Amino acid sequence: MNRILQDDDYTAFQKLFADMYSPLCVFCVRFVHVKEVAEELVSDVFYTIWKNRQQIVITSPKAYLFAAVRNRAFDYLRKIKKTVWCDLEAAMQLAAELTNSQDLLIEQELNHHVEKSIASLPRQCRLIFELSREHGLKYKEIASKLNISIKTVETQMSRALKHLRGSLQITG
């Protein structure tokens, strides 16, 4: 290590890197639990040593490297602790649930308004609308069932739909 620090011996640095990189990565993974992050942190430690080789005083290279990697791992963990992390799938599931909940709430609210609007229709108009929309009867069948003309069914359905559009503020 002294050859690296004092003599700028890049070959000695490469040997130290080759000998210590893997054990330091294994050590670092114990803290950060992600192999790629550990590799990046260990590489950063080696980079910092080489960059600051003129100012560093090291008595035990192995102890220094393990302490530096541990400290870098702790710094990383402190940094990510400040950031809110979540599992992407869990976040997507939560977003889907929120969307489904919001959609359900909107649908329930709309259904409530539609039901309230239908309930406010005059009795015969409401009956004709319900027979058509809820029971699926054709105008001719409704006219026959209620003993009225098809034209009356058409007129009442037109009024019902106009009333619904108006009460729900739907144009078109």
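The values are calculated or read from the model by the stated rules, or taken from the named source; none is laboratory data. Computed from a predicted model, the values in this text were never measured in an experiment. Every residue, glycine among them, receives a Cβ derived from its backbone with ideal geometry; neighbour counts consider all protein chains shown.
When restricted to residues that are outside any loop (DSSP other than H, G, I, E, B) and more than 41 Å from the chain's Cα centre (by Cα), segment 51-61 contains 1. When only residues in segment 62-84 that are touching a residue at least 12 places away in the same chain (Cβ under 8 Å) and under 28 Å from the mean Cα position of the chain (by Cα) count, which is nearest to residue 28 (Cα to Cα)? Here the residue is 73. Does residue 84 count as at pLDDT 85 or above and either loosely packed, with under 12 Cβ neighbours inside 10 Å or more than 30 Å from residue 161 (Cβ to Cβ) (or both)? Taking the combined requirement at face value, the residue does not satisfy it.
Restricting attention to segment 45-68, the residues that are modelled with pLDDT of 85 or more and β-branched (Val, Ile, Thr) add up to 3.
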